[in-house]
1. Would you tally the residues in segment 103-116 being open to solvent by 30 Å² or more (accessible area, probe 1.4 Å), over 11 Å from the mean Cα position of the chain (by Cα) and closer than 23 Å to Gln65 by Cβ?
2. So, of the residues in segment 68-102 that are open to solvent by 80 Å² or more (accessible area, probe 1.4 Å) and within 24 Å of Leu14 (Cα to Cα), which turns out to be nearest to the chain's Cα centre (by Cα)?
3. Restricting to segment 44-67, name every residue that is open to solvent by less than 40 Å² (accessible area, probe 1.4 Å) and among the hydrophobic types (A, V, I, L, M, F, W, C).
4. Restricting attention to segment 5-43, report how many residues are of a type in the set (Lys, Arg), touching a strand residue (DSSP E or B) at 6+ places or on another chain (Cβ under 6 Å) and open to solvent by 60 Å² or more (accessible area, probe 1.4 Å).
5. Considering only segment 46-77, state which residues are charged (D, E, K, R) and at pLDDT 90 or above.
6. Return a yes/no flag: does segment 11-23 have any residue that is among the hydroxyl-bearing types (Ser, Thr, Tyr), farther than 20 Å from Glu70 by Cβ and either touching a residue at least 12 places away in the same chain (Cβ under 8 Å) or outside any loop (DSSP other than H, G, I, E, B) (or both).
7. Determine, yes or no, whether Ile2 is hydrophobic (A, V, I, L, M, F, W, C) and in contact (Cβ under 8 Å) with a residue 12 or more places away in the chain.
8. Right, Lys35: under 22 Å from Glu11 (Cα atoms), in a loop (DSSP other than H, G, I, E, B), among the charged types (D, E, K, R) and free of Cβ contacts under 8 Å to residues at least 24 places away in the same chain or not?
Amino acid sequence: MIENLDKKTLEAVLNALPVEISFIDEKDAVRYFNKDGDRIFPRPRSVIGRRVQDCHPRKSIHKVQQILDEMREGSRDVAEFWIDHKGMKVYIRYFAVRDPKGKYLGCLEVTQDIAGIQEIEGEKRLLE
């Protein structure tokens, strides 16, 4: 629940997340991304307002479109995949964003290098 949280603080919170996020609205336009300049897949500020399809390699556009169409029609809420990229294991997830009545508002793309996570063994307790 967001209450009395100004834009500057919200932006700092989103930039503190250990993941990269991008929000694509219901018309497939990029409306937000965090970690400006410090990303696995850098984005120029000029992508804001552009169609997300214009921000992906040609070979993957049809898959991106399929995911968004399925989210829009309600047959999909999550899509996830992972790739090897520049020495990283990149985990990419798309989440449908819906209002409380289920209306599609857009898609949240979450990207993370999970190479370090894959190496975790055993357990480490708080502040050990």
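1. 2
2. Step by step, filter segment 68-102, then rank; the result is Glu80.
3. Val47, Val52, Val64, Ile67 - these are the residues of segment 44-67 that are open to solvent by less than 40 Å² (accessible area, probe 1.4 Å) and among the hydrophobic types (A, V, I, L, M, F, W, C).
4. Adding up the residues that qualify gives 1.
5. Result: Arg50, Arg51, Lys63, Asp69, Glu70, Arg72, Glu73, Arg76, Asp77.
6. no
7. On the way: hydrophobic (A, V, I, L, M, F, W, C): yes; in contact (Cβ under 8 Å) with a residue 12 or more places away in the chain: no.
For Ile2, the condition - hydrophobic (A, V, I, L, M, F, W, C) and in contact (Cβ under 8 Å) with a residue 12 or more places away in the chain - is not met.
8. yes
The values are calculated or read from the model by the stated rules, or taken from the named source; none is laboratory data. The model shown is predicted, which means the values in this text are computed figures rather than measured ones. Cβ: placed from backbone, ideal geometry, glycine included. Neighbour counts: every protein chain shown. Areas reflect the complete protein model, heavy atoms only, side chains present, ligands, DNA and RNA absent. Shrake-Rupley method; radii C 1.70, N 1.55, O 1.52, S 1.80 Å.
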